[in-house]
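Peer 1: Can you read through this structure? Questions will come right after.
The values are calculated or read from the model by the stated rules, or taken from the named source; none is laboratory data. Just so we're clear, the structure is a prediction, and the values are computed from it rather than from any experiment. Here the Cβ is made from the backbone with ideal geometry for all residues, glycine too, and neighbour counts use every protein chain on show.
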Amino acid sequence: MTEDNESRPPFPPFTRETALQKVRMAEDAWNSRDPARVSLAYTQNSQWRNRSEFPLGRQQIVEFLTSKWSRELEYRLIKELWAFDGHHIAVRFAYEWHDTAGNWFRSYGNENWEFSENGLMDRRFASINDLPIKESERKFHWPQGRRPDDHPGLTELGL
């Protein structure tokens with residue numbers, strides 16, 4: 001399938017409802033921890049900035065995510081809509097994970113997204129900070145995968 005006939009609704013320009021749908025779809029995909037699945041939400045030549053890394057295109061996105069999830073174990077993510085306008089969405093997020101030594105972290109960040117007409121994300125800019133936490137301080141306890149609909153979001157958790 002070429003990018004010309006690929007699409008991922010909802011399409012811009014976004015309403016509050018469609019922006020919320022995009023955010024939840026992204027959260028669900030990332031919580032799958034399936035790099036190939038996640039990459040399909042992005043254009044073939046999608047540009048990223050993730051911390052100090054700059055993946056370009058789907059293949060580099062898959063490589064980046066494969067590496068990320070080999071280091072960030074038991075990854076669980078919550079995204080929350082911050083703002084939207086036209087082809088742009090801004091989110092804030094937090095995710096919890098541990099390293100191979102069993103050290104737990106909560107990573108906080110913001111992302112700015114720009115979408116093409118076909119609903120694929122063309123640009124993603126992420127700023128992220130890691131906070132070491134004790135396992136007893138974890139707040140994301142659902143089974144690996146999609147966050148249950150009744151699990152609190154960031155605002156409800158005071159994050």
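Peer 1: It is to be established whether one or more residues within the range 25-32 are at pLDDT 95 or above, closer than 25 Å to G158 by Cβ, in a helix (DSSP H, G or I) and among the charged types (D, E, K, R).
Peer 2: Looking through the range 25-32, at least one residue is at pLDDT 95 or above, closer than 25 Å to G158 by Cβ, in a helix (DSSP H, G or I) and among the charged types (D, E, K, R).
Peer 1: Could you please give the count of residues in the range 101-128 that are closer than 21 Å to S70 by Cβ and of a type outside the set (S, T, Y)?
Peer 2: Within the range 101-128, the first condition is being closer than 21 Å to S70 by Cβ, and the residues that meet it are 101-107, 109, 124, 126, 128.
Next, only the ones that are of a type outside the set (S, T, Y) stay: 101-106, 109, 124, 126, 128.
The number of residues fulfilling the criteria is 10.
Peer 1: Out of everything in the range 69-103 that is closer than 18 Å to G145 by Cα and among the aromatic types (F, W, Y), what residue ends up being surrounded by the fewest Cβ atoms within 10 Å (Cβ to Cβ)?
Peer 2: W69
Peer 1: Right, I89: in contact (Cβ under 8 Å) with a residue 40 or more places away in the chain, assigned to a strand (DSSP E or B) and within 19 Å of I133 (Cβ to Cβ) or not? Even if it seems obvious, please write down each step before you answer.
Peer 2: Working: in contact (Cβ under 8 Å) with a residue 40 or more places away in the chain: yes; assigned to a strand (DSSP E or B): yes; within 19 Å of I133 (Cβ to Cβ): no.
So I89 does not fit the description; no.
Peer 1: Follow-up. Using the structure shown, decide if S127 is of a type in the set (G, A, S) and farther than 25 Å from P9 by Cα.
Peer 2: Spelling it out, S127 is indeed of a type in the set (G, A, S) and farther than 25 Å from P9 by Cα.
Peer 1: Provide a single number: the residues in the range 112-159 that are closer than 30 Å to N5 by Cα and part of a strand (DSSP E or B).
Peer 2: To start, the set of residues in the range 112-159 that are closer than 30 Å to N5 by Cα comprises 112-126, 145-146.
Pick out the ones that are also part of a strand (DSSP E or B) and you get 112-115, 121-126.
Qualifying residue count for the region: 10.
Peer 1: For the range 66-78, enumerate the residues that are out of contact with any Leu (no Cβ under 8 Å at 6 or more places or on another chain) and assigned to a strand (DSSP E or B). Write out each step before concluding.
Peer 2: From the range 66-78, those out of contact with any Leu (no Cβ under 8 Å at 6 or more places or on another chain) are 66-77; that's our starting set.
L73, E74, Y75, R76, L77, listed by residue number.
Peer 1: For the structure I just gave you, tell me whether F11 is in contact with a Gly (Cβ under 8 Å, 6 or more places away or on another chain) and assigned to a loop (DSSP other than H, G, I, E, B). Walk me through how you get there before you give the answer.
Peer 2: Working: in contact with a Gly (Cβ under 8 Å, 6 or more places away or on another chain): yes; assigned to a loop (DSSP other than H, G, I, E, B): yes.
When the stated conditions are applied, F11 passes them.
Peer 1: Just give me the residues in the range 9-37 being in contact with a Phe, Trp or Tyr (Cβ under 6 Å, 6 or more places away or on another chain) and either exposed (fewer than 14 other Cβ atoms within 10 Å of the Cβ) or within 21 Å of W97 (Cβ to Cβ) (or both), in sequence order. So that I can check it myself, show each step before the final result.
Peer 2: Quick first cut of the range 9-37, residues in contact with a Phe, Trp or Tyr (Cβ under 6 Å, 6 or more places away or on another chain) only: 12, 14, 19, 33.
Within the range 9-37, just R33 meets the criteria.
Peer 1: Another question, then. Can you name every residue in the range 38-68 that is closer than 19 Å to F115 by Cα, surrounded by 15 or more Cβ atoms within 10 Å (Cβ to Cβ) and either of a type outside the set (A, V, I, L, M, F, W, C) or touching a His at 6+ places or on another chain (Cβ under 9 Å) (or both)?
Peer 2: S39, Y42, T43, S46, Q47, R49, N50, P55, G57, R58, Q60
Peer 1: Filter the range 94-136 for residues that are of a type in the set (A, V, I, L, M) and over 12 Å from the mean Cα position of the chain (by Cα) and give the result.
Peer 2: A101, L120, L131, I133
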